[in-house]
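Enquirer: Sharing a structure, written as structure tokens. Questions coming.
The values are calculated or read from the model by the stated rules, or taken from the named source; none is laboratory data. The structure displayed is predicted, hence computed values, not measured ones. Positions of Cβ are generated from backbone atoms using ideal geometry, with glycine treated the same way; all protein chains shown enter the neighbour counts. Please note that ligands, DNA and RNA were not included when accessible areas were found on the heavy atoms of the full protein model with its side chains. Shrake-Rupley method; radii C 1.70, N 1.55, O 1.52, S 1.80 Å.
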Amino acid sequence: MAKTIIDLKNADLTLGRAAASVHVLKGIGLAIDAGESVGIVGPSGSGKSTLLMVLAGLERLDGGEIHIDGAPLHRMNEDQVADFRGRNIGIVFQSFHLIPNMTALENVAVPLELANVRDAFEIARQELTAVGLGERLSHYPGQLSGGEQQRVAIARALAPSPKLLIADEPTGNLDTETGRQIADLLFSKQAERGMTLLLVTHDPSLAARCGRQVAMRSGEIVSGAAPARAAVAAAVPA
């Protein structure tokens, strides 16, 4: 039986204060099995990226529960969440978020060093080689193309061998062909390592490559909240 790696229950979050406050997540629930690839889709302002940040432990809920691989993130303090994220969750952003005065190798190795991982630079070298950048280790972000920078970001996300890989518009800043190559890389690494892949995208063709799509509108999930196995089980009479 499939194992649930993400279990979100009655998740509620409001951002901002007073008249400027926005009810971003409205008591939503979401279950994702280990090894799934899931695309989160919906119009701008629907809460997609905020949901992703909650699942990455980068935003805290006002109410509800969030379990990642059985760990109750809603009960942890910030240091505990950061430690858990560093060991279990890889994150890829649309705008790469590389450190400009560090080489590709350093960008991948430094987070490992901060987490006291042994052989951090050797692991970084291996990961960069695995994403096709073995000849670009000493290059700085400004010397790399957008696609190459995103490959560095993917290598950085994969370096701790996370169980969950989260990507927020990973092809949004790339041309069509480069975006396709980055998508190919993400899905091949997910299959190769048996990770769970969760991504936000406005690209219907990218979302269609996922095993399941979760549609959001106005802070609520309108379809795809449960794995297919759960939906089938619910439809079968006891």
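Enquirer: Return only the number of the condition from (1) open to solvent by 40 Å² or more (accessible area, probe 1.4 Å); (2) outside any helix (DSSP H, G or I) that Q80 does not satisfy.
Expert: Unmet for Q80, out of (1) open to solvent by 40 Å² or more (accessible area, probe 1.4 Å); (2) outside any helix (DSSP H, G or I): (2).
Table: residues versus (1) under 17 Å from the mean Cα position of the chain (by Cα); (2) not in a loop (DSSP other than H, G, I, E, B).
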{"site": "M102", "(1), (2)": "no, no"}
{"site": "L128", "(1), (2)": "no, yes"}
{"site": "R156", "(1), (2)": "yes, yes"}
{"site": "L165", "(1), (2)": "yes, yes"}
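Enquirer: I've got another one for you. I need the full set of residues from region 204-222 which are in contact with a Ser or Thr (Cβ under 8 Å, 6 or more places away or on another chain) and either open to solvent by 20 Å² or more (accessible area, probe 1.4 Å) or assigned to a strand (DSSP E or B) (or both), in order please.
Expert: Selection gives R209, G211, R212, Q213, V214, A215, M216, R217, S218.
Enquirer: Could you tell me how many of the residues in region 126-176 are within 25 Å of S49 (Cβ to Cβ), charged (D, E, K, R) and open to solvent by 60 Å² or more (accessible area, probe 1.4 Å)?
Expert: Summing the residues that are within 25 Å of S49 (Cβ to Cβ), charged (D, E, K, R) and open to solvent by 60 Å² or more (accessible area, probe 1.4 Å) in region 126-176 gives 2.
Enquirer: For G86, work out the one condition from (1) out of contact with any strand residue (DSSP E or B) (no Cβ under 9 Å at 6 or more places or on another chain); (2) at pLDDT 95 or above it doesn't fulfil.
Expert: Among (1) out of contact with any strand residue (DSSP E or B) (no Cβ under 9 Å at 6 or more places or on another chain); (2) at pLDDT 95 or above, the lone unmet condition for G86 is (2).
Enquirer: Select from region 1-34 the residues that are in contact with a strand residue (DSSP E or B) (Cβ under 8 Å, 6 or more places away or on another chain), within 22 Å of G70 (Cβ to Cβ) and open to solvent by 70 Å² or more (accessible area, probe 1.4 Å) and write down the one among them that is modelled with the lowest pLDDT.
Expert: K3
Enquirer: What are the residues in region 190-203 that are assigned to a helix (DSSP H, G or I) and touching a residue at least 40 places away in the same chain (Cβ under 8 Å), if any?
Expert: Q190
Enquirer: Let me ask something else about it. From I123, I91, which residue is in contact with a strand residue (DSSP E or B) (Cβ under 8 Å, 6 or more places away or on another chain) and either buried (at least 18 other Cβ atoms within 10 Å of the Cβ) or in a helix (DSSP H, G or I) (or both)?
Expert: Result: I91 is the single residue among I123, I91 that is in contact with a strand residue (DSSP E or B) (Cβ under 8 Å, 6 or more places away or on another chain) and either buried (at least 18 other Cβ atoms within 10 Å of the Cβ) or in a helix (DSSP H, G or I) (or both).
Enquirer: Could you list, in sequence order, the residues of region 43-76 that are open to solvent by 30 Å² or more (accessible area, probe 1.4 Å) and part of a strand (DSSP E or B)?
Expert: G64, E65, H67, P72
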